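Take a look at the structure below.
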Amino acid sequence: MNASSTTVEYLTHSASEIEQALLTAFPHDWQIPHQLREAMMYSLEAGGKRLRPILVLTAAEAVHNDNLARKAAFPIACAIEMIHTYSLIHDDLPAMDNDDYRRGKLTNHKVYGEAMAILAGDGLLTHAFYAVTQAVKQGVSAQVALDIVSDLAELAGATGMVGGQAADILGEQGVTSLEQLEFIHLHKTSDLIMFSVTAGARVGGASNEQLIALQEFASKLGLAFQVQDDILDLIGDEAKLGKPTQSDVQQQKVTYPYLIGMEESKALVERLTAEAKQALMKADLAKPERLFAIADYLVNRDH
Ligand code: GRG
């Protein structure tokens, strides 16, 4: 991929590289019950933007401008996509959102049944930690791999995404304040984005100052991504401005447009993206252009 390729070309190319890598995530000679392997691969191969793994690769290259850092980051890119995929499988279960479709395909439990869908999620979650350890074979130091394992547990687990999901479920009876909503989004969505940027930066050999600036970038970007997601959901539901749709009411779904209105939400996405880009400037990176472009792309995305 040369430096002049467009952002869409870059994202498409990176997504297909990640999809290739995911195909060999579970070696073919491993003894895995056939249906479990199929259920895990069904969701891993179901598409999606691959945003989180792309951020891992792009952050590594941004800090250390060569192809080696990017290459070494692949196992970690696969790991975060496994975590993201498991969270979607579990989120779609009858006990949670009870969804029939995801990424235009039947949800995992609709195809393989609830028990196998739970196990497919469990298998992906556990394997993600194995995947991180494989980065050592690509030249990542054991200390950096250990730091990444620790970040992953913190940001994906009870203090991170799982905690955000729990707060969301517990708050369904009445999320009324922006603070509550921000807590949910920061953990449910931003934390995996935080992990991706931080892990890539660690692989690239970021200094402490760079890590701090990149983490500020990630937290603003993650929140902007979620507010934009809320906006797109509402547009997709042919919603009325600033009012909950019928399905929002049924699911008691409280979103940014619901709490602050559509125009305010759009302004918030713009503001958070601008702040994210300011933080990126502070990081003083070797090759920041792709990260800037991803921030712009996300704010303008329509799906
Ligand atoms: C079940 C532990 C557990 C957590 C679930 C991911 C999640 C937490 C819930 C899914 C619902 C949701 C809208 C979460 C917000 C994060 C988000 C916008 C997920 C969708 O991510 P995209 O847009 O999806 O990157 P693709 O399909 O492109 O990968």
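None of the figures in this text is laboratory data; all of them are computed from the coordinates on show. Because the structure is predicted, anything quoted here is derived from the model rather than measured. Cβ: placed from backbone, ideal geometry, glycine included. Neighbour counts: every protein chain shown.
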Query raised in the report: Quick one: if you stick a label point 7 Å off each Cα along the C-beta vector at Ala166 and Asp97, how many nm between them?
Result: 2.1 nm
Query - Charge dipole magnitude, Cβ of K and R +1, D and E -1 - the stretch 11-86, Cα centre, debye nearest 20 - result: 180 debye
Report summary line: With the 8 Å Cα cutoff and a minimum separation of six or more residues, the chain has a relative contact order in percent of 20 percent
Requested in this report: Return the Rg/Rh value of the stretch 22-127, two decimal places, where both radii are evaluated on C-alpha atoms and Rh is the Kirkwood radius.
Outcome: 1.03
Requested in this report: Among the trypsin sites (Lys or Arg not before Pro) in the stretch 53-130, which ones are in a DSSP loop with at most 16 other Cβ atoms within 10 Å of the Cβ? Mind listing them?
Outcome: Arg103
Requested in this report: Write down the radius of gyration of the chain and its Dmax, each obtained from C-alpha positions, in Å.
Outcome: 18.8, 54
Query raised in the report: For the stretch 1-79, what is the largest minus smallest coordinate of the Cα atoms on each principal axis, given in angstrom and ordered from greatest to least?
Result: 44, 22, 16
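Check each of the chymotrypsin sites (Phe, Trp or Tyr not before Pro) in the stretch 106-207 and keep only those in coil by DSSP with at most 12 other C-beta atoms within 10 angstrom; list them in order.
Sparse-neighbourhood loop chymotrypsin sites (Phe, Trp or Tyr not before Pro): none present.
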Query raised in the report: What is the distance, in nm, between label points placed 7 Å from the Cα along the Cα-to-Cβ direction at Thr126 and at Thr176?
Result: 4.4 nm
Report summary line: Residues whose built amide H sits under 5 Å from the amide H of Arg102, excluding neighbours closer than 5 in sequence, are Thr107
Report task. Would you give the gap between the C-alpha center of the stretch 45-71 and the C-alpha center of the stretch 139-187, rounded to a whole Å? Result -> 21 Å
Query raised in the report: Taking the simple approach of a point 7 Å from Cα along Cα-to-Cβ for both Lys110 and Glu289, what is their distance in nm?
Result: 4.2 nm
**Report entry** Theoretical gain in end-to-end length, Ala267 to Leu36 [0.36 nm per residue, Cα-Cα removed]
**Finding:** 78.7 nm
**Report entry** Expected 222 nm ellipticity per residue - DSSP helices of 4 or more, -39500 (n - 2.57), all of the chain, to 500
**Finding:** -22000 deg cm²/dmol
**Report entry** Per-residue ³J(HN,Hα) for the stretch 161-168, Karplus 6.51 cos²θ - 1.76 cosθ + 1.60, θ = phi - 60°, Hz, x for Gly and Pro
**Finding:** 4, 5, x, x, 5, 5, 4, 5
Query raised in the report: Under the Karplus relation 6.51 cos²θ - 1.76 cosθ + 1.60, θ = phi - 60°, what is the ordered set of whole-Hz ³J(HN,Hα) values for the stretch 204-211, x standing for Gly and Pro?
Result: x, x, 4, 6, 4, 5, 5, 4
